[in-house]
Amino acid sequence: MNTTLFDLLWQLKHELERQGADKIDMPKFIDDVEYRRRLLKAANAKALNPAFRQILPELLSGNPLEITRQVAAVPRTREPQQARQVHSLETGRKGPGLFSGGILVLILLAFAVAVVELTSDSVVSDLIASAGLKPGSSVQSTEISGTTPVPSTPAPQAPVETQVAVAALTSSEQEVDTLFRLHGSNTIGEALAPALLKAYWLQQGADNIRVEQQESEVEHDVLFQLPGEKALQRVELKAHGSSTGFKGLHARQADLAMASRRIKGKEIERLAPIYGDLSSVRTEHIVGMDGLAIIVNPRNPISSLNTEQLAKLFAGQISNWKQLGGADVPVSIYSRDENSGTWDSFRSMVLKKHGVKLSPKARRYESSMELSDRVSQEPGAIGFIGLPYVLRAKALAVADEEGALPVFPTTFTISTEDYPLTRRLYMYEPMTLALNSPAHDFINFVTSEEGQEIVRKTGFISQNIQRIQPVLSEELPKEYLELVQGDSRLSLNFRFNSGTFDLDNKAQRDLQRVIRFFEQHPGQRAFLIGFSDSTGNAEHNRRLSLKRAEVVRDQLLSRGINVADVHGLGSLAPVASNATPAGRERNRRVEVWIRDTAGRGVASAR
């Protein structure tokens, strides 16, 4: 089976980032051979899939890459792993593991016979040193297949032949201990969870941390060695979609659940007898923020849409872009699969809101990166994706309703949840989880400042507080503009449990983040602005909004934070449609603004 070199390079980029490389600039990776060599030299080439190893010599050459040519797509293989043992997080006992290896060793030996295998850990640096690669040289791509190869466009031969001895493959008898199992959201599990796990175990002093792909593209083992431990340590990571995390908990096949949408009522009821209330502040953890980006082909002239237009597009009611003022090109619909929390979020925020269903012609994908890649290549395509996976596609500004101001997904608009398609990313920790367990300690790391910095570096939106001076639209109410003129704002809003004056789970944890911010920035005062939805009498709504601001003020004052003033602006400056329950809930919020003691207008963006 063949694929294009371009597709294989995107998969290689993803794999190198999983190994620990910084976020790779793909255009630079394609065009800049020195940048490419530096990244590959730092990689663990032995752990790479044979599909990637076959193109390494070509990537190290100085010739321009022919990204549209056909190359072999080799099935992924698994390295043998021995005698895994699973820790019960509730009892600390070890359960029986699975012994594997012999068959896989035979498969690997078959591959070794079929192709010249690059087996050294330092294969990339050896190639650079011994092959004498220089601009103007490359190598023939090797196809690995059990059938007759399909001819592909050959690349020029390298000037130096490199002979590599194939070492005998033997299985390791080292015991493997499974510390915990993390199942659920692909949005979290594809890149963010591996990055968080590697950072956490590095903090714990682990050596030789690596991420190994299993039989499925969205299943990985994070393996490492801890000081004083003879056994290899393992965290199981399966990212088939948010609903599978809760199913894994119920089947006792997972210890933590990842979700890119909040746990549903029926899931809470089903799991409560086993694990306690998973919607409580002790069990529901916000990992970070994400914007559900609407993506199109980069050449599409459309720059913004409202949610009603999006609903019609994805339902197939708008079938050509010219109906929206664009080019005369048919619309092609791309969607995440049924298990995905990204799909659940989009269905709730767009399709259900406007009473439509996804077109049966939509193409469904389990992988976020693959969906984004396909949209970027097809002129009429449209899809939805987590913000870090926009990649080469074009993200659109979105308005919550017709006539509303379109908002582009940015770090700030997602942090404050002002962007209409903002969502929270979750990890759920059973109440039965031991407080001294590795899984509980990992959750504490994820929500810490250090963990949230990893969230930011991975491309999602950190909950660490930033202070900025936002650009305010002249379309905002005059009273609001006069109130905040010259002041700066913190990158969060406080929100409340539906129908109450009780801070929601995220807001309760954000209180601690606000306290840390003021401890690190003494001499500054907060002022708070409360808002309501538009339901009911306008004066009543002002009183409700002021009450919300006072609730936050009292919480901050009790923790020693100086609050200069509070204001209630009622239903002014809505950030969402008041026509839906979800929109009204988002409009009921409290903004946190900063005024220096020296006076107004001296704050600088940070």
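The values are calculated or read from the model by the stated rules, or taken from the named source; none is laboratory data. Every value quoted in this text rests on a predicted model; they were computed, and no experiment measured them. Neighbour counts run over all protein chains shown; Cβ positions are idealised from the backbone, glycine included. Only protein heavy atoms, including side chains, enter the accessible area calculation; ligands, DNA and RNA are left aside. Shrake-Rupley method; radii C 1.70, N 1.55, O 1.52, S 1.80 Å.
Residue pairs whose Cβ atoms lie under 7 Å apart, separated by 6 or more positions or on different chains, with the first residue in region 363-380 and farther than 19 Å from residue 24 by Cβ and outside any helix (DSSP H, G or I) and the second open to solvent by less than 70 Å² (accessible area, probe 1.4 Å) and among the acidic types (Asp, Glu), are 364/337; 365/337; 366/337. May I ask you to say which residue of 357, 352, 361 is of a type outside the set (Asp, Glu) and under 18 Å from residue 296 (Cα atoms)? One residue alone meets the criteria, 361. The set of residues in region 270-283 that are outside any helix (DSSP H, G or I), surrounded by fewer than 21 Cβ atoms within 10 Å (Cβ to Cβ) and of a type in the set (A, V, I, L, M) contains only 281.
Screening region 402-418 for residues that are within 17 Å of the chain's Cα centre (by Cα) and assigned to a loop (DSSP other than H, G, I, E, B) and picking the one that is modelled with the highest pLDDT gives 417.
The criterion of being touching a residue at least 12 places away in the same chain (Cβ under 8 Å) and under 30 Å from residue 274 (Cα atoms) does not hold for residue 389.
Okay, residues lined up against (1) more than 27 Å from residue 286 (Cβ to Cβ); (2) basic (Lys, Arg); (3) in contact with a strand residue (DSSP E or B) (Cβ under 8 Å, 6 or more places away or on another chain):
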| position | (1), (2), (3) |
| --- | --- |
| 174 | yes, no, yes |
| 181 | no, yes, yes |
| 187 | no, no, yes |
| 195 | no, no, no |
| 215 | yes, no, no |
| 225 | yes, no, yes |
| 229 | yes, no, yes |
| 234 | no, yes, yes |
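There is no residue in region 384-391 that is modelled with pLDDT of 95 or more, in a loop (DSSP other than H, G, I, E, B) and closer than 17 Å to residue 304 by Cα. Every condition in (1) within 27 Å of the chain's Cα centre (by Cα); (2) over 25 Å from residue 376 (Cα atoms); (3) in a helix (DSSP H, G or I) holds for residue 57 except the one numbered (1). Within region 7-60, being open to solvent by less than 20 Å² (accessible area, probe 1.4 Å) and aromatic (Phe, Trp, Tyr) holds for 29, 52.
What tally of residues in region 308-365 results from selecting those that are of a type in the set (Val, Ile, Thr) and buried (at least 21 other Cβ atoms within 10 Å of the Cβ)? Write out each step before concluding.
So in region 308-365, the residues of a type in the set (Val, Ile, Thr) come out as 318, 329, 331, 333, 342, 350, 356.
Okay, now just the ones that are also buried (at least 21 other Cβ atoms within 10 Å of the Cβ), so 331, 333, 342, 350.
Qualifying residue count for the region: 4.
Would you check which residues across region 250-267 are open to solvent by less than 40 Å² (accessible area, probe 1.4 Å) and modelled with pLDDT of 95 or more and list them? Quick ask: steps written out before the conclusion?
At the first step, the residues of region 250-267 found to be open to solvent by less than 40 Å² (accessible area, probe 1.4 Å) are 254-261, 263, 267.
Matches in region 250-267: 254, 255, 256, 257, 258, 259, 263, 267.
Just one of the numbered conditions (1) under 16 Å from residue 509 (Cβ atoms); (2) crowded, with 21+ Cβ neighbours inside 10 Å; (3) of a type outside the set (S, T, N, Q) is not true of residue 387: (1). Residue check: is residue 526 touching a residue at least 12 places away in the same chain (Cβ under 8 Å), surrounded by 12 or more Cβ atoms within 10 Å (Cβ to Cβ) and part of a strand (DSSP E or B)? Yes: the conditions hold for residue 526. Taking first residues from region 459-474 that are β-branched (Val, Ile, Thr) and partners that are surrounded by fewer than 19 Cβ atoms within 10 Å (Cβ to Cβ), the Cβ contacts under 8 Å between residues at least 6 apart in sequence or on separate chains come to 461/411; 465/513; 465/516; 468/412; 468/605; 468/606. Sub-6 Å Cβ pairs linking a first residue in region 8-19 that is at pLDDT 80 or above and charged (D, E, K, R) to a second residue that is part of a helix (DSSP H, G or I) and surrounded by fewer than 20 Cβ atoms within 10 Å (Cβ to Cβ), at least 6 apart or interchain, are 13/26, ordered by first then second residue.
For region 529-547, what are the residues that are in contact with a helix residue (DSSP H, G or I) (Cβ under 9 Å, 6 or more places away or on another chain), touching a residue at least 24 places away in the same chain (Cβ under 8 Å) and of a type in the set (Gly, Ala, Ser)?
In the first step, residues of region 529-547 are kept if they are in contact with a helix residue (DSSP H, G or I) (Cβ under 9 Å, 6 or more places away or on another chain); the result is 529-536.
With touching a residue at least 24 places away in the same chain (Cβ under 8 Å) added as a condition, the list becomes 529-535.
Passing the criteria: 530, 532, 534.
State yes or no: is residue 292 in contact with a strand residue (DSSP E or B) (Cβ under 7 Å, 6 or more places away or on another chain) and modelled with pLDDT of 95 or more? Give the steps one after another, and end with the answer.
Values: in contact with a strand residue (DSSP E or B) (Cβ under 7 Å, 6 or more places away or on another chain): yes; modelled with pLDDT of 95 or more: no.
For residue 292, the condition - in contact with a strand residue (DSSP E or B) (Cβ under 7 Å, 6 or more places away or on another chain) and modelled with pLDDT of 95 or more - is not met.
Note on region 529-555: residues that are under 33 Å from the mean Cα position of the chain (by Cα) and under 15 Å from residue 587 (Cα atoms) amount to 7.
Can you name every residue in region 429-483 that is among the hydroxyl-bearing types (Ser, Thr, Tyr) and either part of a helix (DSSP H, G or I) or open to solvent by less than 40 Å² (accessible area, probe 1.4 Å) (or both)? Outline the logic, then answer.
First, the residues of region 429-483 that are among the hydroxyl-bearing types (Ser, Thr, Tyr): 432, 437, 447-448, 458, 462, 473, 480.
If the condition is that a residue be among the hydroxyl-bearing types (Ser, Thr, Tyr) and either part of a helix (DSSP H, G or I) or open to solvent by less than 40 Å² (accessible area, probe 1.4 Å) (or both), then 437, 447, 448, 458, 462, 473, 480 are the ones that fit.
Is there a residue in region 284-306 that is touching a residue at least 40 places away in the same chain (Cβ under 8 Å), closer than 23 Å to residue 200 by Cβ and assigned to a helix (DSSP H, G or I)?
Residues of region 284-306 touching a residue at least 40 places away in the same chain (Cβ under 8 Å): 284-300, 302-306.
Okay, now just the ones that are also closer than 23 Å to residue 200 by Cβ, so 284-290.
With assigned to a helix (DSSP H, G or I) added as a condition, the list becomes none.
No, region 284-306 contains no residue that is touching a residue at least 40 places away in the same chain (Cβ under 8 Å), closer than 23 Å to residue 200 by Cβ and assigned to a helix (DSSP H, G or I).
Kindly establish whether residue 564 is open to solvent by less than 50 Å² (accessible area, probe 1.4 Å) and either touching a helix residue (DSSP H, G or I) at 6+ places or on another chain (Cβ under 6 Å) or modelled with pLDDT of 95 or more (or both). Judged against the criteria, residue 564 is not a match.
Exactly one residue out of 553, 542, 588, 548 is farther than 26 Å from residue 399 by Cβ and either at pLDDT 85 or above or of a type in the set (Gly, Ala, Ser) (or both): that is 553. Given the structure, is residue 247 under 24 Å from residue 433 (Cβ atoms), surrounded by 15 or more Cβ atoms within 10 Å (Cβ to Cβ) and charged (D, E, K, R)? When the stated conditions are applied, residue 247 passes them. Of all the numbered requirements in (1) open to solvent by 10 Å² or more (accessible area, probe 1.4 Å); (2) modelled with pLDDT of 90 or more; (3) among the small types (Gly, Ala, Ser), residue 486 misses one, and that requirement is (2).
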